[in-house]
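S.K.: After the structure tokens below, expect a handful of questions from me.
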Protein chains: 4
Amino acid sequence: MAANGDESLIIVMRAGATSEEIRHVLDRLAEAGAEAHVSEGAQRTVIGVVGDRIRIQQLPWEAFPGVERAVPVLKPFKFVSRDFQSEDSIVDVGGIPVGGGHFAVIAGPCAVESRDQLFRSAEAVRAAGATILRGDAFKPRTSPYSFQGLGEKGLELLAEAREEFGMPFVAEVVDPRDVELVTSYADLIRVGTRNMANFTLLSELGRQPKPVMLKRGFTATIEEWLNAAEYVYKEGNHEVILCERGIRTFETATRNTLDISAVPVLKGLSHLPVIVDPSHSGGKRELVAPLARVAVAAPADGVMIDVHPSPETALVDGAQAILPSEFADLMTQISAVAEAMGLSL
Amino acid sequence: MAANGDESLIIVMRAGATSEEIRHVLDRLAEAGAEAHVSEGAQRTVIGVVGDRIRIQQLPWEAFPGVERAVPVLKPFKFVSRDFQSEDSIVDVGGIPVGGGHFAVIAGPCAVESRDQLFRSAEAVRAAGATILRGDAFKPRTSPYSFQGLGEKGLELLAEAREEFGMPFVAEVVDPRDVELVTSYADLIRVGTRNMANFTLLSELGRQPKPVMLKRGFTATIEEWLNAAEYVYKEGNHEVILCERGIRTFETATRNTLDISAVPVLKGLSHLPVIVDPSHSGGKRELVAPLARVAVAAPADGVMIDVHPSPETALVDGAQAILPSEFADLMTQISAVAEAMGLSL
Amino acid sequence: MAANGDESLIIVMRAGATSEEIRHVLDRLAEAGAEAHVSEGAQRTVIGVVGDRIRIQQLPWEAFPGVERAVPVLKPFKFVSRDFQSEDSIVDVGGIPVGGGHFAVIAGPCAVESRDQLFRSAEAVRAAGATILRGDAFKPRTSPYSFQGLGEKGLELLAEAREEFGMPFVAEVVDPRDVELVTSYADLIRVGTRNMANFTLLSELGRQPKPVMLKRGFTATIEEWLNAAEYVYKEGNHEVILCERGIRTFETATRNTLDISAVPVLKGLSHLPVIVDPSHSGGKRELVAPLARVAVAAPADGVMIDVHPSPETALVDGAQAILPSEFADLMTQISAVAEAMGLSL
Amino acid sequence: MAANGDESLIIVMRAGATSEEIRHVLDRLAEAGAEAHVSEGAQRTVIGVVGDRIRIQQLPWEAFPGVERAVPVLKPFKFVSRDFQSEDSIVDVGGIPVGGGHFAVIAGPCAVESRDQLFRSAEAVRAAGATILRGDAFKPRTSPYSFQGLGEKGLELLAEAREEFGMPFVAEVVDPRDVELVTSYADLIRVGTRNMANFTLLSELGRQPKPVMLKRGFTATIEEWLNAAEYVYKEGNHEVILCERGIRTFETATRNTLDISAVPVLKGLSHLPVIVDPSHSGGKRELVAPLARVAVAAPADGVMIDVHPSPETALVDGAQAILPSEFADLMTQISAVAEAMGLSL
């Protein structure tokens, strides 16, 4: 009779709900194998529910006659939570550990445009101390008239750069039909902000062995983001890195509003590594350094930064790319704050 | 020498920008075939740019030394704009016209769960006056533990219901690999809010002949939404219906905030039909009727409403589904307001 | 021992909270005269609390060691709730009833600029069917360089217009030091969006007899708005009208996003009349008519509309003012939808 | 003929605007002493306007027939901008410099509750290295049933604590009628988030000599915030400190979303010092340390932190108060990051 689990849902009946309506809810709870704690108040009856939280939370309680609202007490995700695993996950990206005190610096061009552009960027960021290369071959763009990426040719260039400079690389996958292609090249597979809730893509990535970087959706809550990570994790791929990249607010001075609080909040809720993208958050070159320093002080488990040898000719997001020389200067700043924080770069 | 087009972009130089920096911008404009109108002020130089707006707006002006910001004057979309086509588009959905004064009532269950559930819903909404059936076979869900739809079996049931009740139907496609499957069954293909910026999917849908209903992203601006429609349109499919379904705000009393102003704003900017989804906007049964009436008064070109014979057993979004009897009552209200508005149901 | 009231708060302990921490919370609850229902789960202890909700909800439970979060079950406001009074409040504005099926049309210039401007507006809106005049003498403006209103001279002109055209009028009060002045002239006192949380001003207005119109703050939740109304009500003034005027979102195509769902949500939570301001919501002349119709279909208890004889010379918000002739046309539309809704104008 | 100034506004005419409509705009510009640069495009006429930006931007251009929109090119504020003063302002708070590389640590209880509570807090934060004391005597509270502060008695206690511990203090003023009272006691006058747009209060504070700390409104844009600062500055009080305290977004895991990007953005736009309030941003004790570190790394010009000897008995915001021992530990962290940043505490 005793249900297994915690009180995971509170059902608040309307003032004036009839005893038949209350009975009806209790019957359905019993059918679902849940235990109910009923509190009859002066105006309202409140029911605390113990049982399998995922099963219980999904039933449409607010559709029941007499129910005012159903308030979840426990989070709807499981494997990615600190409750499930208390120690920090450390994700291995082509030999580079990310998380658990290992701070990763990922840098390179937003999109691969040419061999020369990629190699100049990679050489520079390697020399300055970055350990993972970024560069995309497939770009989802707001306008259909924008450059959409070099496709497989871009991945080939990235693989060449990996050999040349000894850095694993991260690249975005946009289409579930490209998962096999991208995973055959890249060391870390990125899911972009527009695809955070592309559950088809997430499930595919859960069924292959390369680690996954999951960017937060423009307006995803932290809870929805962790649910998206759960899609990957539950399919068997436990190598997931979260990437905060700014959320949409009413403020127009920045492209997005970096939600730096998400870093400590996630550290409380989840064991997954969390990195920050200062480039796409602010959307402006002059904001990259302050936001990168901020990420170290939070501290996040890494940063990912757009570097371009000639931002004014960039085909994608040139306004936020910094020059190789600016990146070298930024590495000095990152190192200083990281040292103050006791982090190993 | 004279550029073809309108002044489509304003480049504002920083206070103190050097004449070399200004010259550099002008040179690049000349290379891009654009004409520049330079206004040298007391503190700042401002450059008005005439030329191909899509080409010009995409260059990363804010990455140029000395540039403070670049302000677009004209919209970045083209085919879906009123400037391109002044008269309203009317989309044919299996014989039912939508737009241009034809108000469509689309109704049915959120997800197809069984033959019985679908047919009871379809029969009821048909009897009450709905002209297009809704019902999904593929459901993108926030939690990986939620019901994800019946797949092709669901589409078969929908096709059966179409025959039985004489109503074309709309169904969602989630995965670009399913486009051929879904379009082989459905009369109107829906792109859900999570996929509004799934440009791969949009482009695929632009290359097939069935009309497309494009829901607004949770936090898409109206401009981004029209850009997404442009993805479909420019591939050759001109049969696009927009669907407002609420945006994400700080308000928690409703699931989303219905942005009813988007209807008249879109009517000014675009020739495409616009419908409203009162069910997913508010997320609560008691809000469906007020929000549906509001849509008629805007006026939108239609509404899409979740109806379920037994909301409390619904596998998806039961809290917002109304009963067949409530739908019949709502049709009376819709008809009254539509008549006041001079619309034909 | 038995606490009086409903289960109004749920305290969720952290996984791993000690028995001392739980005991400490229970001791404090006992001191506060509350009854506790303890549910010990597999991972967490959850405590349902019965007692005086206002007293209990205000204690800083999340500051207690071992507490993860405290979830309010009941709303924090009392007198303005439907639970407190089930029938609709009807507010008398200088002889004009608002609420309970009486739909009010309030119209006039945003700010009083001159006798001629006010009288031309008042005459026109009266002729077209408005029953309450609007016009402000004190204007809170975003920029210190903008026109701030005529002050008492403006109130005198409004009082003259009331005599001349037989319409009571509404005017804003901005400063608590002006409450006596404004209430000595106006029939309905408006609290603007920037002052919704000016609790000093609200309390002052609660201690005088004229009815109060409380606009929603730019980013107030519905719950905060009702709390603000409670400030007025609890001081003894029960004549409160709520005015929805748009909230701040990421959308930039409109000045604000009209949250039309707030109307039915408020009708569920509160007995107070709710009106809509289509002019300040959209901020554009062409949106006034659609948003006014929408307000009638919700239905709200009234609309308030900016009308100006010469919008292009308006000192405040000219972009959203409609002409007297446009207002007359709008009245026809409002009447048609109101008739369909069974409302009396 | 030549207007004095910069091109500060762009007026975009509608496609199809008549030559009369364009002429009418140009006439009005001429009347206003502005110079117009007309660009006639294939579809639209665009007019660049040179003249007094404040006068020009305030005219209701969007109310003119044929005008599609008016796009401001320059910011609407003046004295608080970097254009007006290029070097950082340094504000003197009772002998403590804030800004220009001087990092201020302000700490103490949210509200003054008793002599014992205040003195225990003040002694502890002084010992740990804070240089300015915080504590409020007037508290604007969301609920009318919450503690509203001790009033003048609280100010007396703060003045006593100043003597005892040798720290100047900051206190909030809520009501313009209390400006004289509060300024007679406090060293720094705070305007709270709910009053950022209380222009009456701002103007009063501009006409007295004590420095002012202006918190950002819940949903104020950075531009509106600077406009509010301009209200104080233009009345003659140049001692203004800005305080970022989180903005309202859809995220519910935190009380507000700290907009850390606002710090570097403000440093670009304005010469005023900017501090951060980590306590009210996150609203949770465990977020205070990460958000304070982040503020140092930005770098802001200071932090303001709630410290309470017994958070669980706090009458205001106990959930976000940290203990004196936690504050001492935080000072160590702040010092480490400040040293890495080259800041003087």
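S.K.: Note down the relative contact order for chain B as a percent, whole number, built from C-alpha pairs under 8 angstrom at least six residues apart. If you can, show how the numbers build up before the last one.
M.R.: On the way: 746 pairs, mean separation 54.0, N = 345.
Over chain B, the number comes to 16 percent.
S.K.: Is the protein assembly as shown rounded, prolate or oblate when judged by the Cα gyration tensor, a ≥ b ≥ c being the square roots of its eigenvalues, rounded requiring a/c under 1.5 and prolate requiring a/b larger than b/c?
M.R.: Numbers: a/c = 1.03, a/b = 1.00, b/c = 1.02.
Because its axes are fairly even, with a/c under 1.5, the protein assembly as shown counts as rounded.
S.K.: Rounded, prolate or oblate: which fits segment C:91-341 when a ≥ b ≥ c are the square roots of the eigenvalues of the alpha-carbon gyration tensor, with rounded for a/c under 1.5 and prolate only if a/b beats b/c? Can you show the working numbers first?
M.R.: Values: a/c = 1.24, a/b = 1.05, b/c = 1.18.
In terms of gyration-tensor shape, rounded.
S.K.: Out of the DSSP beta bridges found with both residues in the protein assembly as shown, what percent are antiparallel (nearest 5)?
M.R.: Around 45 percent antiparallel, to the nearest 5.
S.K.: Each residue of segment C:282-297 in order: what ³J(HN,Hα) in whole Hz does its phi give by Karplus 6.51 cos²θ - 1.76 cosθ + 1.60, θ = phi - 60°, with x for Gly and Pro?
M.R.: Ordered by residue, 3J(HN,Hα) equals x, x, 9, 3, 6, 8, 4, 5, x, 6, 5, 4, 4, 4, 5, 6 Hz.
S.K.: On to the next question. Which one, C:His102, C:His271, C:His24, has the greatest fluctuation when you compute a Gaussian network model over chain C with C-alpha springs under 10 angstrom?
M.R.: Highest fluctuation among the options: C:His24.
S.K.: Rounded to the nearest 5, what % of the DSSP beta bridges within chain D are antiparallel ones? Before the final figure, lay out the partial values.
M.R.: Details: 22 of 48 bridges.
Here the antiparallel bridges make up roughly 45 percent for chain D.
S.K.: Taking K and R as +1 and D and E as -1, what net charge do the other residues with C-beta under 10 Å from the C-beta of A:Lys215 add up to? Display every interim value, and only then the final one.
M.R.: Numbers: positive: A:Arg190, A:Arg194, A:Arg216, A:Arg245; negative: A:Glu172, A:Glu244, A:Asp277.
Every neighbour counted, the sum reads +1.
S.K.: Taking amide H positions as placed 1.01 Å from N in the peptide plane, with prolines and chain starts having none, which residues 5 or more places from D:Glu68, or on another chain, fall under 5 Å of its amide H?
M.R.: Excluding prolines and chain starts, which carry no amide H, the hits are D:Val12, D:Met13, D:Arg14.
S.K.: Can you name the chain B residue with its Cβ nearest the rotation axis from B to A, and give the distance in Å as a whole number?
M.R.: Nearest Cβ to the rotation axis, residue and whole-Å distance: B:Thr219, 2.
S.K.: Of B:Glu180, B:Glu21, B:Glu163, which has the largest mean-square fluctuation in a 10 Å C-alpha GNM of chain B?
M.R.: Taking springs between Cα atoms under 10 Å, the residue moving most is B:Glu21.
S.K.: What number, in percent, do you get for the relative contact order of segment C:221-345 if the mean sequence gap of Cα pairs under 8 Å and at least 6 apart is divided by its residue count?
M.R.: Working: 187 pairs, mean separation 23.5, N = 125.
Relative contact order here is 19 percent.
S.K.: Which distances, shortest first and in nm, link A:Thr332 to the matching position in the other copies, using label points set 7 Å out along Cα to C-beta?
M.R.: In ascending order, 3.0, 7.3, 7.8 nm.
S.K.: What's the angle, to the nearest 10 degrees (0 to 90), between helix C:152-165's Cα axis and the longest principal axis of chain C?
M.R.: Result, in degrees: 70.
S.K.: Using a Gaussian network for chain C with springs between C-alpha atoms less than 10 Å apart, which of these wobbles most: C:Ala127, C:Ala161, C:Ala42?
M.R.: Answer for the Gaussian network model of chain C: C:Ala42.
S.K.: Can I ask one more? Quick one: which residues, 5+ away or cross-chain, put their amide H under 5 Å from the amide H of D:Ser270? H built at 1.01 Å from N.
M.R.: Sorted by chain and number, the residues that satisfy this are D:Arg82.
S.K.: Compute the relative contact order of segment A:7-72 as a whole-number percentage, counting only Cα pairs closer than 8 Å that sit 6 or more residues apart in sequence. Mind showing how you got there, number by number?
M.R.: Numbers: 112 pairs, mean separation 33.7, N = 66.
Value for segment A:7-72: 51 percent.
S.K.: Could you pull the copy-to-copy label distances for D:Asp116, with points set 7 Å along Cα to Cβ, in nm to one decimal and sorted shortest first?
M.R.: Output for D:Asp116: 6.9, 7.1, 7.7 nm, nearest copy listed first.
S.K.: Between beta-carbons, use under 13 Å as the cut-off and find the net charge around B:Ala328, counting Lys and Arg +1, Asp and Glu -1. Numbers along the way, then the final one.
M.R.: Details: positive: B:Arg126; negative: B:Glu123, B:Glu326, B:Asp329.
Neighbour charge sum, excluding B:Ala328 itself: -2.
S.K.: I'd like the Karplus ³J(HN,Hα) series for segment D:253-262: coefficients 6.51, -1.76, 1.60, θ = phi - 60°, whole numbers in Hz, and an x wherever there's a Gly or Pro.
M.R.: 6, 10, 5, 9, 9, 4, 9, 5, 4, 4
S.K.: Still on this structure, please answer the following. So what's the back-of-envelope 222 nm ellipticity for chain D, counting only DSSP H runs of four-plus at -39500 (n - 2.57) apiece and dividing by all residues, rounded to 500? Kindly include the intermediate steps, with their values, before the conclusion.
M.R.: Values: 11 runs with 119 residues, N = 345.
Here the helix-only value at 222 nm equals -10500 deg cm²/dmol.
S.K.: Tilt of helix D:324-341 relative to the longest C-alpha principal axis of chain D, in degrees (0 to 90, nearest 10)?
M.R.: 50 degrees
S.K.: For A:Ala253, what charge total do you get from the other residues with a beta carbon under 15 Å from its beta carbon, if Lys and Arg give +1 and Asp and Glu give -1?
M.R.: Charge balance near A:Ala253 sits at +2.
S.K.: Using a 7 Å offset from Cα along the direction of the beta-carbon, what are the separations from C:Glu20 to the same position in each other copy, nm, ascending?
M.R.: Result, one decimal in nm: 5.4, 6.9, 8.6.
S.K.: Right, something else. How big is the antiparallel share of DSSP beta bridges in segment B:35-158, given as a percent to the nearest 5?
M.R.: Working: 10 of 13 bridges.
Given both bridge residues lie in segment B:35-158, the antiparallel proportion sits at roughly 75 percent.
S.K.: How large is ³J(HN,Hα), in whole Hz, for each residue of segment A:171-177 in order, when computed from phi with the Karplus curve 6.51 cos²θ - 1.76 cosθ + 1.60 and θ = phi - 60°, using x for Gly and Pro?
M.R.: 9, 7, 10, 10, 10, x, 6
S.K.: Can you list residues from other chains, or at least 5 along the same chain, whose modelled amide H is less than 5 Å from the amide H of D:Ile275?
M.R.: When sequence neighbours closer than 5 places are left aside, the close amide H contacts are D:Leu242, D:Cys243, D:Glu244, D:Asp301.
Any read-out appearing in this document is the output of simple, stated calculations on the displayed coordinates, not a laboratory observation. Keep in mind that what you see is a predicted model, and the values were worked out from it rather than measured. Here the Cβ is made from the backbone with ideal geometry for all residues, glycine too, and neighbour counts use every protein chain on show.
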